[in-house]
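Structure first, commentary second.
The values are calculated or read from the model by the stated rules, or taken from the named source; none is laboratory data. Small disclaimer: the values here were computed from a predicted structure and weren't measured. Reconstructed Cβ throughout: ideal geometry from the backbone, glycine too, with neighbour counts over all protein chains shown.
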Amino acid sequence: MQDQGSLFAGIKVLAAVRVIAAPFATYHLAMHGADVLTIENPKEPDSMRYSGDYGTELNKQGMGSGYLAQNSNKRSMTLNLSDPRGQEIFKRLAKEADIVAENLVAGTMPRYGLGYEDLKKINPRLIYCSITGYGQTGPIARRAAIDAAIQAAGGVMAQTGTPETGPLRVGFTMVDYATGYSAALAMSMALYHRERTGEGQNIDVAMLDAAITMNSASATRAATTGKMSKLAGNLSGHGAYISDCIPCKEGAITIAATTPNRRMKVYKGIGREDLATDPRFCTPDLGRENYPELRKELEKTLLTKTAIEWEELIAAQGGPAMAVRNMVQATTHPQIVHRGLMHTFDPDPALGVSITVPKAAYKLSKTGAKLRTPPPRFGQHTEEVLGGMGYSMGEIAQLRAEGII
């Protein structure tokens, strides 16, 4: 499983995690060589195994895209943590682990005798990372937490949408992934701290905190002045500069001309330099006041070519604009191909498809992320793990018959 040249080679992560945020966090450790063992309830697999690709073979076999996206390089073990025998096995694994990551409802792991205070007694160097919706403490710590609900609670939806639509959620689980990055960073920092001091520690990561810090400018403004951003849809700046999504002959293009210089480059790219001296739009104040008329002029011109054609023409002038792409177009963009972001595993005969997943969104010149093995099937490594702990095949069969694994 491990690449000895990787940053986290030799690091063992015991992950009682599911859905997106926590698996995404441990995925980043796995990409850098950590041995991540994911624990799944034998009666209730990670729900993401059946998310996406509905009706396909991937979905039927518990390998839906919602699961595949953040589980490469890992191992999967089934274990019933609500049973004392399952808890004992978990403790034996935790004794040898460097990190325990979990995202059960706040208070669940301590109730099982598997909280940080319990496990640090048997492993003082342990780093313990809890990832929940609202954190381990506070008046709503135990509330159900799903990305869309956190978007609502964290102010994200209040800025997304238009006055006509009302608040809208972002079209993907943005907070889950932001939380995963936060937790991965926290665990990496804790490992560095332990390297310097020999001390383990407890980490408390909350999705709500991540949602607000991912929008720090608006949060700072609100907390400092009491002022709030309004629903703006695709329009930013209210016409003082051009930051809008505008339809073309085919598709749409987003222009982000946030300074007079950038605006002029866009005008040159679309052959409308006259707009820079038009008395209706020639100053920021006029541009803001008369933006509906300016947008009509832009749309009239942009409807004569495709979004991709305009993107190239504006880029040739150094202007900031990109065609709106769907995810198939985005993942096959020449820039993404050049950077090698998407990784395709060898074909899996049982699934009838070659699985392709994103790697890390960063490149390290000496300790880069690597994908070695595809996401594991449900409980794929249970016998391997227990065998390594000294359990006989007969004992493993008994544990399975009794619902412990």
* Asked: From the list 88, 57, which residue is charged (D, E, K, R) and more than 30 Å from residue 121 (Cα to Cα)?
  -> 57
* Is it true that some residue in segment 316-332 is among the polar types (S, T, N, Q) and in a strand (DSSP E or B)? -> no
* Determine, yes or no, whether residue 277 is hydroxyl-bearing (Ser, Thr, Tyr), modelled with pLDDT of 95 or more and out of contact with any Cys (no Cβ under 7 Å at 6 or more places or on another chain). => no
* Structure fact -> Scanning segment 285-310 for residues that are more than 15 Å from residue 244 (Cβ to Cβ) and assigned to a helix (DSSP H, G or I), the one farthest from the chain's Cα centre (by Cα) turns out to be 286
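Residue check: is residue 160 touching a Leu at 6+ places or on another chain (Cβ under 9 Å) and either buried (at least 19 other Cβ atoms within 10 Å of the Cβ) or hydroxyl-bearing (Ser, Thr, Tyr) (or both)?
yes
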* Structure fact -> Going through segment 341-372 in order, the residues found to be touching a strand residue (DSSP E or B) at 6+ places or on another chain (Cβ under 8 Å), part of a loop (DSSP other than H, G, I, E, B) and surrounded by 16 or more Cβ atoms within 10 Å (Cβ to Cβ) are 341, 345, 355, 359, 371
* **Residue check for residue 141: surrounded by fewer than 18 Cβ atoms within 10 Å (Cβ to Cβ) and under 18 Å from the mean Cα position of the chain (by Cα)** => no
* Structure fact -> Taking segment 45-56 and keeping residues in contact with a strand residue (DSSP E or B) (Cβ under 9 Å, 6 or more places away or on another chain) and surrounded by fewer than 17 Cβ atoms within 10 Å (Cβ to Cβ) leaves 56
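Yes/no per residue for (1) acidic (Asp, Glu); (2) farther than 23 Å from residue 20 by Cα; (3) touching a residue at least 40 places away in the same chain (Cβ under 8 Å):
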site	(1), (2), (3)
104	no, no, yes
110	no, no, no
124	no, yes, yes
134	no, no, yes
146	no, no, no
163	no, yes, yes
172	no, no, no
* So which residues in segment 247-284 are touching a residue at least 12 places away in the same chain (Cβ under 8 Å), of a type in the set (D, E, K, R) and assigned to a helix (DSSP H, G or I)? -> 262, 263, 265, 268
* To do: Being surrounded by fewer than 20 Cβ atoms within 10 Å (Cβ to Cβ) and in contact with a helix residue (DSSP H, G or I) (Cβ under 9 Å, 6 or more places away or on another chain) is the filter; apply it to segment 94-111 and report the residue that is nearest to residue 144 (Cα to Cα).
  => 110
* Structure fact -> The helices (runs of 4 or more DSSP H) lying entirely within segment 164-246 that contain at least 2 residues which are touching a Phe, Trp or Tyr at 6+ places or on another chain (Cβ under 8 Å) and surrounded by 18 or more Cβ atoms within 10 Å (Cβ to Cβ) are 174-197, 207-213
* Asked: Can you pull out the residues in segment 57-74 that are surrounded by fewer than 20 Cβ atoms within 10 Å (Cβ to Cβ) and either without any contact (Cβ under 8 Å) to a residue 12 or more places away in the chain or touching a Leu at 6+ places or on another chain (Cβ under 8 Å) (or both)?
  -> 57, 59, 60, 61, 65
* Structure fact -> Subset of segment 265-300, residues more than 23 Å from residue 312 (Cβ to Cβ), among the charged types (D, E, K, R) and touching a Gly at 6+ places or on another chain (Cβ under 6 Å), comes to 288
